[in-house]
Each structure stands twice: as structure tokens, then as C-alpha cells.
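> Let me begin by handing over the structure; questions about it come next.
Please treat every number below as a calculation from the coordinates, not as lab data. Keep in mind that what you see is a predicted model, and the values were worked out from it rather than measured. Glycine gets a Cβ as well: all are built from the backbone with ideal geometry, and neighbour counts include every protein chain shown.
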Amino acid sequence: MNVLVINAGSSSLKFQLLDVDTREVYAKGNCERIGIDGSFVGYESIAVEGKQKLDVPLPDHKTAASYVVDIVQATGKDFIGIGHRVVQGGWYFPESKIVTDESLGWVREVAPLAPLHNYAEADVIEICRELFPGKGNVVVADTSFHYNIPEKAHRYALPRDVVEKFHIRKYGAHGTSHRYIWRASKEFLGDDLHNLVSCHLGSGSSLAAIKDGHDMDTTMGLTPLDGLIMGTRCGTIDPATVCFLMREGGYTIDEVDTMMNKQSGLLALSGISSDSRDIEAGIANGDPNCKLAFDMFYYRTGQLIMEMAQSLQGFDAMAFSAGIGENSPTMRMGVAKELEWMGVKIDEEKNAIRSDEVREISTPDSKIRVLVVPTNEEYMIALDVAELLG
Ligand code: ADP
């Protein structure tokens with residue numbers, strides 16, 4: 001059963017055509033720099049040899065989507081429907097839902113909570129309904145997995161009328177990835193796994209506390225700014241810092257927003273880059289700021305893993321995933337060392353292995369089993385589409 005998965009950002013449109021039964025990918029690619037000079041479509045497909053790059057103007061998402069139509073049609077594969085990754089599902093998507101006029105309206109209604117993503121995603125859903133007539137569309141929201149975490153975990157200690165009026169709560173993010181990480185970890189560990197701390201560590205990073213497939217807590221909050229130190233995001237800080245900077249520093253609200261989302265995190269700490277590879281190279285050259293950036297990343301990640309463990313009342317395993325979690329033995333070891341006091345031990349040789357497979361990297365006597373799980377959000381989205389439209 002084939003599904004087309006679409007992941008639209010404010011200036012990009014990623015796509016993947018895959019078979020949910022065999023997991024075979026027939027075409028995948030990314031339309032980049034939509035609405036910006038230097039736009040192009042990069043893709044691979046069973047219809048052509050090797051990686052392709054079309055240097056074409058992409059003034060808007062509709063133009064980008066028309067290239068996706070051509071690329072998908074060239075594979076000669078039909079598909080049952082289209083799954084759309086939506087960053088913020090708000091209070092309307094406790095699970096994935098088929099797109100109707102009403103549910104499309106919901107994606108826009110909750111867009112103020114994720115303005116850079118939801119508006120573009122809603123536009124692209126509308127475009128797909130037009131360009132692929134007769135195909136069903138499904139919204140798969142990144143927040144769904146976190147929707148049913150207990151109230152004590154998702155409620156903010158703010159006045160009730162404010163919380164209710166503005167729908168303020170912990171929504172979390174990366175839910176589709178955490179759901180996949182649970183699934184793959186359970187397949188790997190079987191009955192040995194009940195409580196998992198899922199560690200999605202990429203340029204955006206979050207943890208989830210998962211008990212028998214149900215999310216109990218997560219580190220991102222109302223927005224994806226909360227929690228861990230990320231590539232360019234500061235993660236949790238005293239919220240009064242915002243008021244202080246505005247009152248005493250003369251910053252506008254937009255300047256503080258940009259500072260905390262785009263100019264902070266590993267980039268600000270290292271002073272050179274948001275990419276962990278550059279920072280690792282900086283450490284090798286003796287740069288103390290790069291060392292501090294990694295030390296803080298380990299410290300905060302270790303602390304928040306313990307926070308997740310507390311909400312699970314103990315854990316059997318933790319799983320590293322996403323760009324850093326899957327590819328950086330140094331970062332995995334650094335985080336694990338923070339947890340050595342409570343018996344987490346990583347085997348250096350296993351940790352050094354590079355692979356696309358789920359694998360265990362803890363020592364046999366480690367109190368917690370440590371896995372590396374390459375995430376696959378597209379597959380998870382496709383599974384939801386197969387379930388709803390198949
Ligand atoms: P996102 O999807 O949130 O944009 P990714 O999950 O792709 O981010 O993670 C991107 C980050 O992963 C990069 O910034 C880099 O720090 C890290 N990363 C990717 N590949 C490697 C690698 N081979 N070694 C170390 N770190 C890596």
C-alpha cells in the first residue's frame with residue numbers, strides 16, 4: 001500500500017512516496033528555498049538514476065507542489081492518500097484525522113501557536129486537494145502523541161482563566177518521531193521494555209517519557225522552545241528573562257523571540273556554529289567555548305532525562321535518535337556519562353559503530369539499556385494514512 005508523505009515548512013516542502021508494507025521508498029526529495037533566490041528541487045526516484053537537482057524558480061508552495069506531482073507521476077506508482085505532517089495540532093488533533101473543510105480550518109485556527117509552520121502546511125494541504133483530486137489527505141500532528149499526557153504534566157501553573165482563554169498548556173513536539181522510536185524500541189526489546197525515555201536530539205531536540213506506548217511527559221512546552229539546549233534555541237530559562245530583557249535591555253518582543261529561537265543554544269555558547277560537528281572540531285582545537293557548549297548540553301540532557309524518569313517512576317531503556325542521537329558517538333557518551341552515577345554504562349566499541357539499524361550500545365551490566373534508533377517520521381505518517389484510508 002503506497003502513501004505520499006508531505007512535510008511542508010515555511011520555505012521548504014519535503015516529500016516521500018513509500019510502500020508501508022515493504023517500506024520501499026519510490027521517490028523522495030525536498031523543494032528548498034521556496035520564495036527565496038536560489039531555489040531548487042533535490043530528489044531521488046526509481047524513475048531516474050542517482051540524485052537529481054532541478055535549479056528552478058519556486059515562487060510559492062504551489063509551484064513546488066507541481067514538481068512533486070511530476071516526480072511522483074514519473075514513478076508510475078499509484079498511492080492511496082497523502083499524509084501531511086502538521087507541527088501544531090492544538091486541541092483538535094489528539095490523533096491523526098482525515099482532512100475535511102472543517103479539519104483544515106482547525107489547522108489554521110491553531111496556527112498562532114506555530115505561525116511559521118501551520119499556515120504553510122494548511123496552504124499545502126489545500127494545494128494537494130487541488131493537484132491530486134480524488135486522493136484523501138490526512139493530518140498527522142506532531143503534538144498528538146503528547147495530547148493525553150496527565151494534566152499534572154501538561155498544565156502550567158498560571159491563572160485558570162488565562163490558561164483556558166488562550167489554550168495554554170504543554171503541547172510538545174516531535175511526537176511522530178517519539179511514537180516511531182517507541183515502536184522500534186519495543187520491537188527490539190520486546191517484553192523487557194515498559195518505560196522508555198526517548199531522546200530525539202537533532203537541531204531541535206526533545207525527550208519523551210513513554211510508558212507502554214503512552215506518553216507521560218515531554219520536554220517541549222507550549223512551543224518547541226522549551227526544554228533542552230538546541231542548535232539555536234535556548235531551551236528552558238527563567239521566563240522572567242524575557243521581561244527583564246524588554247524592560248532593562250530595551251529589546252522588542254520580536255527581538256527577544258529571534259534571540260531565543262535563532263541566536264541562542266549551541267550557536268551562542270560555542271560562538272562558532274549550531275552544528276555539533278563544528279563544535280566537536282572546535283573542542284579538538286582546544287576552544288573552551290565549544291567545550292562549555294557540549295558540557296552544558298550533556299548536563300541539561302542528563303538532568304531532563306532524570307525528569308522524564310521521575311514521571312515514569314523509573315525506566316528500562318533510553319533511545320538516542322535524530323541527527324545528533326543517531327550520528328554522534330561523542331554526544332551519546334557525554335550524555336551517558338552524566339547518568340553513570342545511576343548505573344548507565346555505554347560500551348565504547350558498540351557506541352562507535354555506524355549503522356542504519358536499531359542497535360544496543362549499553363554494556364551487559366548497565367542498569368538501563370541504551371539503544372540507537374534511526375527515526376522514521378515518514379513511515380509513521382504513512383502508517384496513519386494506511387489505517388485511516390487504507
Ligand atoms: P532537524 O531535523 O531538527 O533539522 P537533524 O535531526 O537532521 O535536525 O539534526 C541535525 C543535527 O545533527 C546537525 O546540526 C548536527 O549537529 C547533527 N549531526 C548530523 N550528522 C551528524 C554526524 N555525522 N555527526 C555528528 N553530528 C551530526
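> Over 26 Å between C-alpha atoms is what I'm after, so list which of Lys51/Lys186; Lys186/Lys350; Lys186/Lys337; Lys152/Lys262; Lys28/Lys97; Lys14/Lys97 land there.
Lys51/Lys186; Lys152/Lys262
> Rounding to the nearest 20 debye, state how big the charge dipole of the chain is about its Cα centre with +1 on each Lys and Arg Cβ and -1 on each Asp and Glu Cβ.
Dipole magnitude for the chain comes out near 380 debye.
> Express in whole angstrom the spacing between the alpha-carbon centres of the range 3-60 and the range 216-283.
30 Å
> Rank His174, Leu383, Gly250 by how far each Cα sits towards the positive end of the charge dipole of the chain (+1 on Lys, Arg Cβ; -1 on Asp, Glu Cβ) and give me just the farthest.
Ranked along the dipole, the leading option is Gly250.
> Just the projected area, averaged over all directions, of the convex hull on the alpha carbon atoms of the range 350-390: how many nm²?
On the way: hull surface 16.2 nm².
It is 4.1 nm².
> Under a plain spin-label model, where a point goes 7 Å from the Cα along Cα-to-Cβ, how far apart in nm are Asp275 and Thr100?
Between Asp275 and Thr100, the label points sit 4.6 nm apart.
> Note down the magnitude of the dipole of the range 115-234 about its Cα centre, charges +1 on Lys and Arg C-beta and -1 on Asp and Glu C-beta and zero elsewhere, to the nearest 20 debye.
With Lys and Arg at +1 and Asp and Glu at -1, about 200 debye.
> Continuing with this model, one more query. Bin width 20 Å, origin at 0, all Cα-Cα pairs of the chain: what percent of pairs per bin?
26, 59, 15, 0
> How charged is the neighbourhood of Pro115? Take every other residue with its Cβ under 13 Å from the Cβ of Pro115, and add Lys/Arg as +1 and Asp/Glu as -1.
-4
> Next question, about the same structure. Quick one: Karplus J couplings for the range 128-145, per residue in order, coefficients 6.51, -1.76, 1.60, θ = phi - 60°, nearest Hz, x for Gly and Pro?
Values per residue, Gly and Pro as x: 5, 4, 7, 7, 10, x, x, 9, x, 10, 10, 8, 10, 8, 5, 8, 3, 4 Hz.
> I've got another one for you. Out of all DSSP beta bridges with both ends in the chain, state the antiparallel percent to the nearest 5. Let's see the in-between values first.
Working: 39 of 58 bridges.
So the antiparallel bridges in the chain amount to around 65 percent.
> OK, next. Peptides 35-46, 213-224: what's the order by average Cβ count within 10 Å, highest mean first? The partial results should precede the final answer.
Values: 35-46: 15.7, 213-224: 21.6.
Result, highest mean first: 213-224, 35-46.
> Going by C-beta contacts inside 10 Å, put Trp91, Trp106, Trp341 in order with the fewest on the left.
Starting with the residue having the fewest Cβ neighbours, the order is Trp341, Trp91, Trp106.
> If you don't mind, another one. Residues in the range 236-270 near a label at Ile168, defined as backbone nitrogen under 14 Å from the 7 Å Cα→Cβ point?
239-243
> Turning to a different aspect of this structure: Give the long-range amide H neighbours of Asn137: residues separated by 5 or more places, or on another chain, with amide H under 5 Å away, using H modelled in the peptide plane at 1.01 Å from N.
Residues meeting the criterion, in which the H sits 1.01 Å from N, are Ile82, Val99.
> Could you give the size of the charge dipole of the range 277-390 about its Cα centre, using +1 on the Cβ of each K and R and -1 on the Cβ of each D and E, expressed in debye and rounded to the nearest 20? Let's see the in-between values first.
Values: 11 positive and 20 negative charges, 77 e Å.
Computed charge dipole of the range 277-390: roughly 360 debye.
> Once you place label points 7 Å from the Cα toward the Cβ at Met342 and Val48, how far apart are they in nm?
The answer from the label model is 5.0 nm.
> Spelling out what I want: for every residue of the range 216-226, take phi, set θ = phi - 60°, compute 6.51 cos²θ - 1.76 cosθ + 1.60 (Karplus), and round to whole Hz; glycine and proline get x.
Ordered by residue, 3J(HN,Hα) equals 9, 5, 8, 8, 7, x, 4, 10, x, 8, 7 Hz.
> Using a Gaussian network model of the chain with C-alpha springs under 10 Å, which one of Val25, Val197, Val48 is most mobile by mean-square fluctuation?
Looking only at Val25, Val197, Val48, the biggest GNM fluctuation is shown by Val48.
> As I understand it, the dipole of the chain uses +1 on the Cβ of Lys and Arg and -1 on the Cβ of Asp and Glu, about the Cα centre. Which of Ser273, Phe297, Gly190 lies farthest toward its positive end?
Ranked along the dipole, the leading option is Phe297.
> By its C-alpha gyration tensor, with a ≥ b ≥ c as the square roots of the eigenvalues, how is the range 116-269 shaped: rounded for a/c under 1.5, else prolate for a/b larger than b/c, else oblate? Show your work: numbers first, answer last.
Numbers: a/c = 1.69, a/b = 1.25, b/c = 1.34.
The shape class here is oblate.
> Only Cα pairs within less than 10 Å get springs; with that Gaussian network setup on the chain, which residue of Asp19, Asp238, Asp55 has the largest fluctuation?
Sorting by GNM fluctuation, first place goes to Asp238.
> If you average the sequence gap of Cα pairs under 8 Å that are 6 or more apart and divide by the length of the range 98-185, what percent do you get for the contact order? Present the calculation step by step, with values, prior to reporting the outcome.
On the way: 63 pairs, mean separation 22.7, N = 88.
Worked out over the range 98-185, it gives 26 percent.
> A further question follows. Just want to confirm a number: the relative contact order over the range 221-369, from Cα pairs under 8 angstrom separated by 6+ residues, in percent.
16 percent
> So what is Rg over Rh here for the range 1-96, counting just Cα atoms and using Kirkwood for Rh? Can you show the working numbers first?
Values: Rg = 14.0 Å, Rh = 14.0 Å.
Taking Rh as the inverse mean 1/r over Cα pairs, Rg/Rh reads 1.00.
> Using +1 at the C-beta of Lys and Arg and -1 at the C-beta of Asp and Glu, which of Gly35, Leu18, Val5 has the Cα lying farthest in the positive direction of the dipole of the range 1-51?
The listed residue farthest towards the positive side: Gly35.
> From Cα pairs below 8 angstrom and at least 6 apart in sequence, can you work out the relative contact order of the chain, rounded to a whole percent?
15 percent
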